[in-house]
Amino acid sequence: MKQLSLAQKRSDFDLIIIMAVTMAVLAVFISFQSFFNELTANEDVHILIRTAVMAFMQFGVAGLGSCLVMIYRREDFRTFGLRRSGAGKAVVLTTLLCILCAVLFYFANGISSYLPFQQVGMTRKVLASPFPTNIIGYLIIAVSWGFFEGFNYVVIADKINIRYPSRYRWLNRGALTCAIACILIHGMVGVTAKNLLEMAAVTILIYGMLYIREHTGNAWGCVLVFIFFWNAF
């Protein structure tokens, strides 16, 4: 049996921490789901408070674990590709990828409108609020459902690739794992033609953006996918 390297052992530990934090926050959300539903619908509570609470829960599920690991390992955002080098190439390639996936999503479910984060429950309530509440609330949503969710996939994929390196150029195990997880988490499983097309689009999008991140060494494309594309239709 091949002995694990120190980097692989560390990645094992990091992935366990990320998973444990994610499941713990998710368990809290599920246990108190009625409370959170009542809170989001309670107009007596300021819209920014309601948005911040839901954004924190979202961050807890997709972001907190990765950030805790980064702090523990003394890593920073540049460690995972959030830097200038390669940003242009990563953004261009990811944009082309999003265009392809938009076509697939159109044939799967149709596209009636475009608005970043319109699938997030608080978005339209926030945008209907007066200035500057609408801007502040929208930024909170963008940080939690956009920046950190996209970045979370990058961290997890990088850790998986360190733990389970592939000898094959086109096989990115971290990207593949994240694509499968995304499909399962969002319930995009079915046997109809539309279901299969939607699953194919999500697989191409998540796998593609993470493959581009590894190819270019830059992760800004992944973050921009979740800011401008995911939840936008």
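Rule-based calculations on the coordinates, nothing more; no lab input. It should be emphasised that the depicted structure is a prediction, and the values quoted were computed from it without experimental measurement. Note that we place each Cβ from the backbone using ideal geometry, even for glycine, and neighbour counts take in every protein chain shown.
Numbers at a glance
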{"read-out": "Residue-span extension gain [Val45 to Ala24] - 0.36 nm each, minus C-alpha spacing", "value": "4.9 nm"}
{"read-out": "Set of aspartates and glutamates with alpha-carbon distance to Lys125 below 12 Å, sequence-local pairs under 8 removed", "value": "Glu43"}
{"read-out": "Sequence of Asp76, Asp158, Asp44 once ranked by neighbouring C-beta atoms within 10 Å, starting from the fewest", "value": "Asp44, Asp76, Asp158"}
{"read-out": "Top of Val45, Val61, Val92 by mean-square fluctuation, Gaussian network on the chain, Cα under 10 Å", "value": "Val45"}
{"read-out": "FRET efficiency, 1/(1 + (r/R0)^6) with R0 25 Å, evaluated for Phe56 and Thr133 via beta carbons", "value": "0.90"}
{"read-out": "Calculated Kirkwood radius over Cα pairs in Å (choose from [x] 20.1; [y] 18.1; [z] 18.7), label", "value": "[z]"}
{"read-out": "FRET efficiency, 1/(1 + (r/R0)^6) with R0 22 Å, evaluated for Leu115 and Ile204 via beta carbons", "value": "0.45"}
{"read-out": "Eligible lysines near Lys89 by straight Cα distance, threshold 20 Å, same-chain separation 8 or greater", "value": "none"}
{"read-out": "Extended-chain gain in nm, criterion 0.36 nm per residue less alpha-carbon gap, Phe77 and Leu184", "value": "35.8 nm"}
